[in-house]
1. Go through segment A:172-198 residue by residue and tally those that are on the phi > 0 side of the Ramachandran plot and surrounded by fewer than 24 Cβ atoms within 10 Å (Cβ to Cβ).
2. With (1) at pLDDT below 95; (2) touching a Pro at 6+ places or on another chain (Cβ under 8 Å); (3) away from chain B (no Cβ under 12 Å) as the list, and A:Gly132 as the residue in question, which single condition is left unmet?
3. Taking interchain pairs and intrachain pairs at least six residues apart, which have beta carbon atoms under 6 angstrom, with the first residue in segment A:82-101 and more than 8 Å from every other protein chain (Cβ to nearest Cβ) and the second hydroxyl-bearing (Ser, Thr, Tyr) and part of a loop (DSSP other than H, G, I, E, B)?
4. Hey, among A:Ile4, A:Ile48, which residue is more than 13 Å from chain B (Cβ to nearest Cβ), aliphatic (A, V, I, L, M), surrounded by fewer than 24 Cβ atoms within 10 Å (Cβ to Cβ) and within 16 Å of A:Val136 (Cα to Cα)?
5. Step by step: first the residues of segment B:220-244, then only those that are crowded, with 24+ Cβ neighbours inside 10 Å and among the polar types (S, T, N, Q), then the one that is farthest from B:Ile296 (Cα to Cα). Which residue is that?
6. Please go through segment B:245-272 and pick out each residue that is surrounded by 15 or more Cβ atoms within 10 Å (Cβ to Cβ), within 14 Å of chain A (Cβ to nearest Cβ) and charged (D, E, K, R).
7. Could you look through segment A:239-260, keep only residues that are part of a helix (DSSP H, G or I) and free of Cβ contacts under 8 Å to residues at least 40 places away in the same chain, and pick out the one that is surrounded by the fewest Cβ atoms within 10 Å (Cβ to Cβ)?
8. In this structure, is B:Pro77 more than 12 Å from chain A (Cβ to nearest Cβ), surrounded by 19 or more Cβ atoms within 10 Å (Cβ to Cβ) and assigned to a strand (DSSP E or B)?
Amino acid sequence: MKEIVILSGKGGVGKSSLTAALAHLLTENGKYRLTLADTDVDAPNLHIVLGAEFDRSTGVTASNKAIIDYDKCSRCMNCVSACAFDSIIGTEEPVIISYSCEGCGVCSLVCPEEAVSVHPVENGQINFVTSGTVRVVAGALGIGESSSGRLVDIVKRQARQEASLSGCDLLLTDGPPGIGCPVIAALKGADYAILVSEPTPSALSDLQRITEVVQGFKIPAGAVLNRSDMDPQSAQTTRDWLTGNELPLLGEIPYDPYLPQALARGNLGVKMYPDAPSSLAIKKLHKVVEGLLE
Amino acid sequence: MNKRLHPEIIRHFHNTPFSTPIIGITGGKGGVGKSTVAVNLAAAFVAQGKRVALVDADVDAPNDSLLLGIPLENPQPVTIMQPIFDSAQCTDCQKCVKACQMNSLFRPKEKSITLMGECNGCEACYLVCPAGAISQGSHSVGTLYKTKRGKLTLYTGALQPGLAESALIVNAVGDAAFADAELFDIILVDTAPGTHCNVIGALKGARHVLAVTEPTPLGSHDLELILSLLDMFSIQRSVVINRANLPGQKEKVEQAAQAASAAIAAEIKLDKDLLAGYLEGTPVVDLLPNSAAAEIFLKMTDYLTATYLSPHNQTQQEQQL
């Protein structure tokens with residue numbers, strides 16, 4: 001089984017739409033079997049793009065947090081000064097700011113009363129979603145929570161298990177934006193990374209940053225230029241940068257007003273408007289991805 | 001999973017040691033136009049003669065400098081504590097290995113503690129070592145920049161690619177701007193996408209938050225998430241609908257806003273002038289100050305000025321909290 005992850009550095013360039021369209025095309029006529037992982041745990045949207053049915057969901061414990069036993073606490077405030085993350089505050093008694101607590105346990109080490117301890121807490125969930133023959137394993141971090149990296153690890157582990165149990169050819173991962181911990185977790189174990197960009201200076205800057213991460217982990221990668229006709233000059237700058245950095249351009253997708261229309265109806269552009277310019281471009285790209293699977 | 005926050009946490013969140021108002025720009029989802037709104041608001045405030053600090057707190061993908069067309073200046077490393085092990089002092093008790101909740105310490109052979117994984121600088125290992133075999137080194141996790149152009153000062157941070165600790169950079173870039181707060185009439189903070197701890201960290205102290213969204217099913221879904229986050233922290237909020245004329249589901253965005261008692265602060269249509277400014281690295285407010293797009297931002301600053309920059313309203317705000 002191959003593992004491909006779709007990343008971009010920048011948000012909103014079309015990772016989820018592309019993931020969903022590729023999944024549809026690859027599984028059409030039963031050619032490939034695949035499992036999808038939605039690792040954008042802050043804004044898991046793949047199911048919306050797919051118009052998929054909700055299956056079941058389980059709570060996930062992906063974080064450790066400090067908890068104070070106020071019966072034992074002597075209000076010495078040692079924990080407040082020891083916390084390197086400013087996650088314990090308070091004037092009369094210490095209060096733990098749960099959302100920024102890293103669960104490092106320094107507070108419990110400095111507490112003379114053994115009143116502070118570190119416990120695993122539920123901070124997110126994993127949703128199992130079905131769309132046709134495709135199973136989607138999607139992580140959703142609780143609002144205002146931390147430790148998205150660890151939740152992504154859990155999502156990927158679950159998705160890998162699903163994929164291998166059902167004899168899939170491919171685990172396709174829709175990655176989160178950025179370059180931080182959830183991105184690194186989404187990337188781990190991938191055979192190939194597809195980097196989605198668009199022709200703007202910001203998207204190029206973010207593409208450069210994500211490329212540095214992907215190359216740092218020595219994962220082979222190629223790029224897709226979405227909304228490629230938005231600005232010819234920026235598009236050419238991006239193409240030149242890709243050539244200079246030996247990143248193959250896997251495909252270009254033109255801006256297409258049919259896409260948001262399909263999305264608004266909870267359907268895929270490639271399904272609803274198969275002959276639209278974007279659909280034709282994605283079909284071409286899907287052949288390239290098939291090549292990666294051979 | 002909305003839990004009740006301790007009142008002390010909410011107070012701490014809203015507490016700032018200065019009176020300069022902070023306005024946050026966030027949105028839940030990536031790519032909806034947070035940075036476009038942030039840089040144009042900054043430019044609009046400057047056009048009205050205000051001294052503005054713009055904080056780019058999306059340290060994974062900081063783009064405000066590109067959109068403003070100003071290069072980054074005054075780089076400063078952001079460092080955290082990193083343990084240095086002295087094998088001569090080490091008694092091989094391995095208390096440090098047990099104390100490390102990140103499981104980043106490894107002992108391949110006797111008296112050879114090695115840092116193998118990520119280190120967030122919590123100092124647990126240093127604290128538990130009975131032999132004084134661990135000393136506090138430092139390690140750079142990113143860079144902070146401060147660039148001044150006339151009445152606008154941009155504070156940006158960038159996470160070192162390959163590292164995970166965005167939160168530390170977000171705090172560092174905020175702290176840098178807050179240290180200079182008295183020099184400004186207003187502080188604007190542009191956050192990362194999402195609803196996680198980094199977004200909250202970036203919005204600390206915000207008097208008002210603009211949630212930028214777009215009229216797609218993804219936009220309304222993510223707007224609901226970010227609005228409930230703002231609600232948890234009792235933050236004044238309103239919604240900016242970007243690409244408002246996209247064929248989509250604007251009514252769902254409006255419903256989400258209404259359900260969270262957030263007004264629609266502005267609607268921005270797909271606009272060639274705005275896109276031109278974006279591509280060129282000049283806010284449309286500066287590039288085409290008479291355009292329809294520029295007018296929207298100038299109008300937004302009028303509202304924010306009237307509500308948050310007049311001394312009378314400031315006291316009212318404080319009384320409310």
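The values are calculated or read from the model by the stated rules, or taken from the named source; none is laboratory data. Keep in mind the model is a prediction, meaning the values are calculated, not measured. Methodologically, a virtual Cβ is constructed for each residue, glycine included, from the backbone with ideal geometry; neighbour enumeration extends over all protein chains shown.
1. 1
2. Only one criterion in (1) at pLDDT below 95; (2) touching a Pro at 6+ places or on another chain (Cβ under 8 Å); (3) away from chain B (no Cβ under 12 Å) is unmet by A:Gly132, namely (2).
3. Cβ pairs passing all conditions: A:Cys101/A:Ser87.
4. A:Ile4
5. If we take residues in segment B:220-244 being crowded, with 24+ Cβ neighbours inside 10 Å and among the polar types (S, T, N, Q), then B:Ser220 is farthest from B:Ile296 (Cα to Cα).
6. Within segment B:245-272, B:Lys250, B:Lys252, B:Asp271 meet the criteria.
7. Per the criteria, the residue is A:Gly244.
8. No, not satisfied.
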